[in-house]
Amino acid sequence: MAASGGSVTRWRRPEPSATTRRYAGLLTECSGHAGLTVSNTSAFEDVVWNLDWSHLEGILDGDDAEPLAREIYLEALALESENRRAAYILAFVAVETGVKQFAAEQSDALSEAWLLENFQSPPIFKLLREYVPRLTVIRTKDGDAFPRSMSNFFQQAAEKRNRLMHRRGEAPPTDRELTELLRWVNDLLYLLDWFSGEEWALLWVGEEIKAAYAGPAV
């Protein structure tokens, strides 16, 4: 079944409300064939739109679909200004969903995939440090699957999430805490896409994250 063009383009661009970046993630997939030039992946003022639009048909009519974890993340993003507590908790659900689905898809053992989908998993930071590295050969310059700053952040953020869920008097996250979490979740989900073979996804992670990986600049 063909994926919805709207959901695919939303998944493949980092800021759904930015008109100037509306199809940037999707179009970058075609760059090798269509002449799209991006001289700075973080500043799309430098994008040269010289595109043969016929190359988009294969993507829009293909089997790609926006991952469930990305949909949950965007729901958390929509709650950012209305309910910081709910947005924080939902953002963590997006992380857990993304990691478990990635692990299930990459696992050769059907029984292991079933367990990941149906039983409570270890803390997210343990999955990032100890389990996901078994499922990808991609490594940072330090030899980890994820930058240490990322796994360290999620270890601390998980404590806040647990307090929000289990302590009635826990203060909601501050605007800064929520914004920081949403940024890290966005980067993590795109890294999982990259690990899954979606080469374009690395374009959308922060420069600090890109710099953690060895190899030529993206």
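Assorted remarks:
- Under-5 Å amide H pairs with Y213, H placed in peptide plane, nonlocal only: K141
- For K210, the lysines whose Cα falls under 20 Å of its own Cα, not counting residues fewer than eight places away in the same chain, are K141.
- In the distance distribution for segment 68-211, Cα-Cα pairs more than 26 Å apart total 22 percent.
None of the figures in this text is laboratory data; all of them are computed from the coordinates on show. None of the values given here were measured: they were computed from a predicted structure.
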